[in-house]
Amino acid sequence: MSQTTALHADPLIWGHGPKVFEVFLEPTCPFSVRAFNKLDALLALVGEDKMTLKIRLQSQPWHMYSGLIVRYILAASTLPEGKAAAKRVLQAVADHREEFEFTDHSHGPNMDATPNQILARLQQYSGIDAHAPFLRAELQNEIKWHCKYSRQNGIHVSPTFITNGLVQLDMGSGDDIESWVQRILA
C-alpha cells in the first residue's frame, strides 16, 4: 500500500522581528497589487530582525478568478521552494493583473477564458508548476484557514493591514512606505 506524503503549505511569512505586520491581499485587486509591490522595500527598510511580515490571502468573489488564483498560489507554497514559489506566482499576477481579471468585475476578454487557461497563464508568467498540489483535495484546508482567519478578524476589503494585532482601517495601499514604518514601529 502506498502512502501519499502530507501536503504542507509554507507560511507566507518573512522576517522574524517582534513587530508583526499582516497584509490581507486579493491577488488581482489593483490596490492589493500596489501594496504587494511595496512589501520587499518595507521589509528591507524596517529590517527582518525588527519586523515579521505575514501575507494573508483574501479571496473575494467579485474578482471572478480569485478562488482559482488563490488556490494556485497556496499550491505553489507547498512546493520545495515554498513561500518563494508562492511569492513568484503573486508577482506574476501583479505584473499581469489585467490578464487575470474581468472588466468592471463582469465582462471582457476573460469571459472566454477557462480555468485551465488561467492556470496555464499562472505557470507561464511565474515559471512555477503547481498543478500537482493544486489538484490535491487537502489543499482546501489551507485555503479555508486563510478564509477563516480573515473572517475572524472582520476583514472584508483588500488590502487590509494589521499591525501588532490591531486592524488598521485608516492604512491604505496609497500610503508611502515611511508612514507604514511609523505605524509598525509605534
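The values are calculated or read from the model by the stated rules, or taken from the named source; none is laboratory data. Model, not experiment: these values are computed from the prediction. A quick note on method: Cβ atoms are made from the backbone with ideal geometry, for glycine too, and the neighbour counts reach across all protein chains shown. The accessibility values were calculated without ligands, DNA or RNA, using every heavy atom of the protein model including side chains. Shrake-Rupley method; radii C 1.70, N 1.55, O 1.52, S 1.80 Å.
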Helix-only [θ] at 222 nm, the chain, -39500 (n - 2.57) per DSSP H run of 4+, per residue, nearest 500, equals -12000 deg cm²/dmol
At a 1.4 Å probe, what is the % contribution of carbon and sulfur to the accessible area of the chain?
53 percent
Taking Cα centroids, how far is the stretch 86-126 from the stretch 2-42 in Å?
19 Å
Average accessible area per residue (Å²) across the stretch 1-95 - probe 1.4 Å, nucleic acids and ligands excluded
43 Å²
Computed D for the chain, Stokes-Einstein, Kirkwood radius over alpha-carbon pairs, 20 °C, 1.002 mPa s, to the nearest µm² per second, is 127 µm²/s
Amide hydrogen neighbours beyond the local backbone of GLY15, cut-off 5 Å, H modeled
LEU53
To the nearest 10 square angstrom, what accessible area does VAL157 show with a 1.4 Å probe?
80 Å²
Student exercise, the stretch 49-146 dipole from Lys, Arg, Asp, Glu Cβ charges, in Debye to nearest 20
440 debye
Going by alpha carbons, how many degrees (0 to 90, nearest 10) lie between the helix axis of 139-152 and the longest principal axis of the chain?
40 degrees
